[in-house]
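The values are calculated or read from the model by the stated rules, or taken from the named source; none is laboratory data. This structure is a prediction, so every number in the text was calculated from the model and none was measured. As a convention, Cβ positions derive from the backbone with ideal geometry for all residues, glycine included, and neighbour counts pool all protein chains shown.
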Amino acid sequence: MNFLDIIKTRRSIRKYIQKPIPDEIINQILDCARYAPTANNKQPWLFIVIKNNDLKTQIAELTDYGKFIKEAYCCIAVFCEDTKYYLEDGSAATQNILLAAWSFGIGSCWIAGDKKFYAEKIKELLSLEAKYKLVSLISLGYPKENELKLAQKINKKELKDIVKFYE
Ligand SMILES: Cc1cc2nc3c(=O)[nH]c(=O)nc-3n(C[C@H](O)[C@H](O)[C@H](O)COP(=O)(O)O)c2cc1C
């Protein structure tokens, strides 16, 4: 898949098969996260990979719209130090993770973290220092058959409705 195809065919996948993702691939995905831009090049991130079933289930149960995290092979919790642009910095890294994962055929879903009532609880569960803010949770797993087809039915706005050129 070329880069544009990766961007255009990525969709949120919430159902997975029980096939392990090699650590080598998880590391390559995380390596792409650290190439994301950050304000003043602060790189305030902390990426936590949760494979442990008990922890995954506890995280899933804390969320409102992320119960499927427990069926994912792993969950990446994206935290940032509480800097001025932590949310933008963590979000750019999150998007890199989603795209890098899809380049390996791995499905993912961005689950809200920042502003959510469970953000602090997840931080406590993972015993993190106070200076961190939860930006996102990302579920990762090889997609269940047909999930991609279903997900691709999601409607995207037409370019003409969201773009203006000033020439
Ligand atoms: C900031 C943010 C928060 C999101 N939170 C959730 C969530 O809590 N649960 C979920 O199932 N999907 C969540 N999503 C995924 C969106 O529902 C999804 O991206 C959107 O429906 C478009 O579908 P697509 O990703 O397949 O293009 C979130 C996406 C973003 C960007």
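Considering the conditions (1) more than 16 Å from the ligand (Cβ to nearest atom); (2) of a type outside the set (Lys, Arg); (3) touching a residue at least 24 places away in the same chain (Cβ under 8 Å), residue 52 is excluded by exactly one of them, (3). Scanning the range 55-69 finds no residues that are more than 10 Å from the ligand (Cβ to nearest atom) and of a type in the set (Phe, Trp, Tyr). Taking the criterion of being crowded, with 18+ Cβ neighbours inside 10 Å and not small (Gly, Ala, Ser), the residues of the range 97-108 that qualify are 97, 98, 102, 106.
When you go through 81, 88, 61 one by one, which is the residue that is among the charged types (D, E, K, R) and under 14 Å from the mean Cα position of the chain (by Cα)? Before the answer, list the steps.
On the way: 81 fails: under 14 Å from the mean Cα position of the chain (by Cα); 61 fails: under 14 Å from the mean Cα position of the chain (by Cα).
Within the list 81, 88, 61, the selection yields 88.
In the range 65-167, counting only helices (runs of 4 or more DSSP H) that sit wholly within it, the ones holding 3 or more residues that are at pLDDT 95 or above span 86-103, 119-125, 159-162. Among the conditions (1) within 14 Å of the ligand (Cβ to nearest atom); (2) within 12 Å of the chain's Cα centre (by Cα), residue 153 misses just one, which is (2).
Could you grab me the full set of residues in the range 88-134 that are more than 14 Å from residue 66 (Cα to Cα) and among the hydroxyl-bearing types (Ser, Thr, Tyr)?
Keep residues of the range 88-134 that are more than 14 Å from residue 66 (Cα to Cα), which gives 88-107, 115, 120-121, 123-134.
Correct list: 91, 94, 103, 127, 132.
How many residues are more than 16 Å from the ligand (Cβ to nearest atom) and not in a loop (DSSP other than H, G, I, E, B) if we restrict to the range 8-32? Residues flagged as more than 16 Å from the ligand (Cβ to nearest atom) and not in a loop (DSSP other than H, G, I, E, B) within the range 8-32 amount to 10.
Cβ-Cβ under 7 Å, sequence separation 6+ or interchain: first residue in the range 141-152 and more than 11 Å from residue 17 (Cβ to Cβ), partner within 12 Å of the ligand (Cβ to nearest atom). Which pairs? Correct list of pairs: 148/11; 148/13; 151/11; 151/12; 151/13; 152/11. The residue of the range 78-96 that is nearest to residue 24 (Cα to Cα), among those that are buried (at least 24 other Cβ atoms within 10 Å of the Cβ) and more than 12 Å from the ligand (Cβ to nearest atom), is 93.
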